[in-house]
Amino acid sequence: MDEHKLGYTGNDLILRKILEKNHVTEYLNKFMNGSTDISAFKSQVPVVTYDVVQPYIARIAAGEPSSILCGEQIVELLRSSGTSRSEPRLMPSISEDLYRRTYLYSLIMPIMNKYIRGLGEGKAMYLLFSDQSSLAIRRALISCTANTTCATSIPVLTRSFFAQKVSKAFFASAFLRSISFLEQHWCDLVNDIRIGQLSSNITNSTCRLAIQSFLALPNPELADEIEVICSLESWKGILGKLWPNAKYIEAVLTGTMAQYIPMLEFYSDGKIPLVCTMYASSESYFGVNLRSLCSPEDDGLKLIEDDEVVENDTLVSLVDVKVGCYYELVVTTFSGLYRFRVGDVLQVTGFYNRAPQFKFICRRNVILSVDSDKTNEEDLHNSVTRAKKILENRNYLLLEYASCTDTSTVPGHYVLFWEIKSTYEGATPCVPLDAQLLESCCIAVEEALDYAYRRCRAHDKSVGPLEIRLVEAGAFDDLMDLLVSQGSSINQYKTPRCIESGPALRLLNSRVTGSFFSPRDPEGTV
Ligand code: AMP
């Protein structure tokens, strides 16, 4: 039967397959009474966020059968960087998901080959960060690669890797951390290559084994060459010097990761193309970039699956989106997510055949993000409110605050601008606003931030210690004057809680009287 003649779109065909496999699940049965009808699905199954799915995931994790959510066996739960009630969100995954992800990966190289010649002749360097979690719960990217690759750390890389093609890490933040690691440890690398022996600092036995074949013989010429490059006073353009044949650098560079583009351009001296090849998440893999060499600010990702999108709270099929409009992505998957709000906001930039092409705009509500942490305004406010109490107990009042991320350090970190006023009126002397007090505020904020943040800080070390910058009295009034002079309405003025760049950030920085960092890792992380 020609399904197109029946009026089905490609999306409907996939949806029908999902319903055929999953209509018997407890979740879908509740809304559809065992039906596999697509219009019943669209009218009766609600659009949900993670909180609705979480009880089912918790039951499966506690040993109940996968069939409450999914027609297939759920083989792993992928830990998303999103959180729910301060816990990590866990996304169900079935064994055939691996093939779907691999399929998407398999599209990338044919696309890259269209733009860059000679990729098949060289080598690729992949920076894979190993995850310590159990096999059952891990991150989506690790899940795809863990079966075939052992994690590699920079000191054990040799020049034979420094060949033709790419450097690839998932997020741009992780890639920059690797460069920073190299900056700190290149002497070890040079030494190992010179004597042909791996430093005893590398204790992981699998790692040692994997690298032994590369370090079989001393290679003083290569060691000298790397030493000369790494000893240069400036590391501007270091990537092109160490990897002279590098054709491109691949990483997630869009959305909040765009803040790292200037640093990457510094290290590549703007000479190696930065490429964001795909758009994926723990929920599903969504699309590939058809215009690989376009600027990261202008990506041409293409949605390929069976998804829907939200426009002004109304659901729209992928084929019906309009160019230029903004949408939030909603997915239905084979593995047990039905009309699930991913939380990403995308702008449609055009069509490839009937599939929309889009630009990643942002994660809904997120105001601060350095790595896979995603902090929204409410989380930030609750954390600051918690820390504010410490000040109030010492006769100080937090008058105003704003925040930004500082990615000039590696890893980057959160910065809070605080304007504080003394409320002391009594007979006992006021306790001075000392470093210890403000450091305890830093810790209180960090410990009140969500699981993903605390994990990045204390476990992955991908976010640096939070900083409070005290600003002088009147700084936030000056900020208001500035923003009003730039067009904000004075009647509706609300202090922006996150200031990304520009004159407003320069103004606050110019009023800083002291800076204080969290003195230790936040507690309460798994
Ligand atoms: P995770 O939560 O760890 O599964 O990471 C998935 C999230 O990372 C997505 O929902 C996006 O917010 C973000 N992401 C993934 N790929 C891209 C991309 N190409 N550009 C921007 N953000 C991305």
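Per 0.36 nm of contour for each residue apart, how much would the distance between residue 293 and residue 245 grow if the chain were fully extended, relative to their Cα-Cα spacing?
On the way: separation 48, 0.36 × 48 = 17.28 nm, distance 1.71 nm.
Separation in residues times 0.36 nm, less the Cα-Cα distance, equals 15.6 nm.
If R₀ is 60 angstrom, what is the calculated FRET efficiency for the pair residue 96 and residue 233, using the beta carbon separation as r and rounding to 0.05? Numbers along the way, then the final one.
On the way: r = 53 Å, r/R0 = 0.88.
For R0 = 60 Å, the calculated efficiency reads 0.70.
Averaged over residues, the count of other Cβ atoms within 10 Å places the peptides 389-402, 365-378 in the sequence 365-378, 389-402, highest first. For the peptides 344-353, 459-468, the ranking by packing is 459-468, 344-353, with the highest mean count of neighbouring Cβ atoms within 10 Å listed first.
How much length would be gained if the chain were fully extended between residue 352 and residue 42, taking 0.36 nm per residue of separation minus their Cα-Cα distance, in nm to one decimal? Walk me through the intermediate numbers first.
Working: separation 310, 0.36 × 310 = 111.60 nm, distance 2.52 nm.
Here the segment from residue 352 to residue 42 would lengthen by 109.1 nm.
Working from label points 7 Å from Cα in the Cα-to-Cβ sense, the residue 315 to residue 121 distance is 5.1 nm.
Here the dipole of segment 367-517 is about 140 debye; that uses its Cα centre as origin and unit charges on the Cβ of Lys and Arg (positive) and Asp and Glu (negative). Evaluating 6.51 cos²θ - 1.76 cosθ + 1.60 at θ = phi - 60° for every residue in segment 93-106, the Karplus couplings come out as 9, 10, 4, 6, 4, 4, 5, 5, 5, 4, 4, 5, 4, 5 Hz, glycine and proline recorded as x.
Segment 433-464 and segment 338-408 have Cα centres spaced 17 Å apart.
A convex hull fitted around the alpha carbon atoms of segment 367-517 yields 112 Å³ per residue.
Ordering 331, 403, 414 by Cα displacement along the dipole of segment 319-426 toward the positive end leaves 331 in first place; charges were set at the Cβ atoms of Lys, Arg (+1) and Asp, Glu (-1). Take the Cα of residue 435, go 7 Å toward its beta carbon, and the backbone nitrogen atoms of segment 494-526 under 14 Å from that spot belong to 514-520. Ordering of 508-521, 185-198 by packing is 185-198, 508-521, highest average first (other Cβ atoms within 10 Å, averaged per residue). When the C-alpha to C-alpha distance is required to be over 31 Å, the pairs from 247/359; 123/461; 123/236; 21/374 that qualify are 21/374.
All of the numbers you see were taken from the coordinates with simple rules; none came from a lab. Remember, it's a predicted structure, so these values are computed and weren't measured experimentally. Every residue, glycine as well, gets a Cβ built from its backbone with ideal geometry; the counts of neighbours run over all protein chains shown.
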